[in-house]
Amino acid sequence: MGTTRTAWHVLLAALLSQRGSHSFEVRVEVPLSTEPLRADYLLLRKNAAPDASEPAGTLRKLWALLPKDAIVEFKSVGRPYRRRNLDRLFSYLHLYCADNLERIEQRSDLCGVLLVPTRTRSLDADVADLGLGWDDLGDGYWRLRGGAFALVVVEIEAVAAAENDDLLRLFGHDEAPTLAARRWLAQQVGAEEIAMAMHDLEGFDEVVRKLLSTLPPEQVLSAFPPEQRVAGLPPEQRVAGLPPEQVLLALPDDVLRALSDSYLDTLSAETRAAIRARVGR
């Protein structure tokens, strides 16, 4: 439990190993998590109450629900909520409370926030296993009651719809529906500092795909030379949707030279001219 290991820890380990039950294996200094104990976000209140003159632009209902400190865990579309993630969040709260006695004078000074695209069966199952209950705060906000710390669950998609927040919609399953949302996403991905921070992280490809999905196909394709646009496509897909004479122009020059004059005479003047320019007939 502590951060300092004493000589007594070593002696107790020897006692447990030598004289403890043979039905148990004794391990020492064991990491209890395969992932580092690192919260996604820590929100620290600067003022005693929210400033009504400057209302929040996103998650507008959340901020008034928070005490002095709040630990936030975010589950994305690509990495959704998984079983016992709620236990991990509660472990963060307990550890932060234990290590910040001067700041967290009472448990009500600290709460947890879980941001999810939407409620899932795995989240509901964990809430039930922990004996917690749901209090509906409206507009996609929930409070879980019954834990050692208050915990707010935010359903991103429901909140985005209720608060008409197009930027928040980006973090759910929806695409960017407005020009302002598309511009904001493009600015963030294009910002050097943010792009460097995201580039090697899981989910970066997902962010890029969402950005590309907001652009017209012709705008995306214009950034690539013709050979890259069709690279990897089988021949039938490369010419799919083309009229027969345009498919003919996609054939190699050697094949065009083998076409008879009688067949060429059946083609339009434009197609014949294009073929003659290529094969000299």
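The residue pairs whose first member lies in the stretch 95-118 and is not assigned by TED's automatic domain parsing to the domain that holds VAL152, whose second member is surrounded by 16 or more Cβ atoms within 10 Å (Cβ to Cβ), and whose beta carbons are closer than 9 Å, counting only pairs six or more residues apart or on different chains, do not exist in this structure.
Within the stretch 1-36, the set of residues being among the hydroxyl-bearing types (Ser, Thr, Tyr) and either loosely packed, with under 10 Cβ neighbours inside 10 Å or modelled with pLDDT under 80 (or both) comprises THR3, THR4, THR6, SER21, SER23, SER33, THR34. Test LEU130 against the stated conditions and say whether it is under 22 Å from PHE171 (Cα atoms) and in contact (Cβ under 8 Å) with a residue 12 or more places away in the chain. Here the answer is no, as LEU130 does not meet what is asked.
Conditions (1) within 23 Å of SER33 (Cα to Cα); (2) aromatic (Phe, Trp, Tyr); (3) surrounded by fewer than 19 Cβ atoms within 10 Å (Cβ to Cβ), marked per residue:
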{"residue": "LEU101", "(1), (2), (3)": "no, no, yes"}
{"residue": "ARG107", "(1), (2), (3)": "no, no, yes"}
{"residue": "ARG119", "(1), (2), (3)": "no, no, yes"}
{"residue": "ASP129", "(1), (2), (3)": "yes, no, yes"}
{"residue": "LEU137", "(1), (2), (3)": "no, no, yes"}
{"residue": "ARG143", "(1), (2), (3)": "no, no, yes"}
{"residue": "PHE149", "(1), (2), (3)": "yes, yes, no"}
{"residue": "VAL154", "(1), (2), (3)": "no, no, no"}
{"residue": "ALA161", "(1), (2), (3)": "no, no, yes"}
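Checking each residue in the stretch 43-53 for being modelled with pLDDT of 75 or more and either part of a loop (DSSP other than H, G, I, E, B) or surrounded by 12 or more Cβ atoms within 10 Å (Cβ to Cβ) (or both) picks out LEU43, ARG45, LYS46, ASN47.
In the stretch 75-85, of all residues being without any contact (Cβ under 8 Å) to a residue 60 or more places away in the chain and either surrounded by 16 or more Cβ atoms within 10 Å (Cβ to Cβ) or not assigned by TED's automatic domain parsing to the domain that holds LEU44 (or both), the one that is farthest from GLU155 (Cα to Cα) corresponds to ASN85. Counting the residues of the stretch 54-105 that are among the β-branched types (Val, Ile, Thr) and in a loop (DSSP other than H, G, I, E, B) gives 3. Taking each residue of the stretch 1-30 that is free of Cβ contacts under 8 Å to residues at least 12 places away in the same chain and looking for partners that are part of a loop (DSSP other than H, G, I, E, B) and surrounded by 12 or more Cβ atoms within 10 Å (Cβ to Cβ) with beta-carbon atoms closer than 6 Å, six or more apart or interchain, yields LEU16/VAL26; SER17/VAL26. Within the stretch 54-65, residues that are in contact (Cβ under 8 Å) with a residue 40 or more places away in the chain have Cβ atoms under 6 Å from residues that are crowded, with 16+ Cβ neighbours inside 10 Å and not basic (Lys, Arg) in these pairs: THR58/ASP165; THR58/LEU168; ARG60/GLU163; LYS61/TYR141; LEU65/VAL152, counting only partners at least 6 apart in sequence or on another chain. Summed over the stretch 159-200, the residues that are under 27 Å from LEU114 (Cβ atoms) and either aromatic (Phe, Trp, Tyr) or modelled with pLDDT of 80 or more (or both) give a count of 16.
The values are calculated or read from the model by the stated rules, or taken from the named source; none is laboratory data. Since the structure is predicted, the reported quantities are computational estimates derived from the model, not experimental observations. Note: ideal-geometry Cβ built from the backbone for every residue, glycine included; neighbour counts use all protein chains shown.
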